[in-house]
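Taking it in order: structure first as structure tokens, then the write-up.
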Amino acid sequence: MSLTDDHFARKIAAQSKAWEETSDAPKKERSHEAAAPKMGICDKCKKEALLRSYRFKETSVSNGAASFGTVTKHLCEDCAPKSRAQKDAEVPKLNNKQIKNLMRSAKKGLL
């Protein structure tokens, strides 16, 4: 066993001992419930309604330098981003011509 292997073995042993000592400590319980909506003016449609806070990633470019950050916006129920489940629930209505085209392309795909 070389000098560096012995060093890392001692380091790993010290880390595991420290982990065992701190793992028994009681941990804070977080509540993952959504915050209650508050009355205010929507940042998007400018109407007064019940608002919830949403975080968005924002990129801005000035003088050739880009900056990245997160922005908190207060949005009403109508302007709020939809979850994937809500998007999947909205099935577009197809007319007869679109249905025939879908069936034709599916039939071609099978052949």
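Listed by chain and number, the lysines whose alpha-carbon sits under 19 Å from that of Lys44, ignoring those within fewer than 8 places in the same chain, are Lys57, Lys73, Lys82. A straight chain from Ala66 to Lys82 at 0.36 nm per residue would run longer than the Cα-Cα distance by 2.9 nm.
The alpha carbons of the stretch 5-111 give a radius of gyration and a Dmax of 26.5, 75 Å, in that order. Available extension along the chain between Lys47 and Val91 is 13.0 nm, counting 0.36 nm per residue and deducting the alpha carbon span. Under 5 Å between amide hydrogens, built in the peptide plane, is the criterion, and for Leu51 it picks out Lys38, Met39, Gly40 among residues at least 5 positions away or on other chains. If you run the Gaussian network model on the chain, springs between alpha carbon atoms under 10 Å, then out of Leu94, Leu50, Leu75 the most flexible one is Leu94. For the stretch 28-71, a/c is not less than 1.5, where a ≥ b ≥ c are the root eigenvalues of the C-alpha gyration tensor, and a/b does not top b/c. That puts it in the oblate class. Taken as Cα centroids, the stretch 34-53 and the stretch 79-93 sit 20 Å apart, rounded to the nearest whole angstrom.
No lab work stands behind these numbers, since they all come straight from the coordinates. Treat the numbers as computed from the prediction; the structure is a model and nothing was measured.
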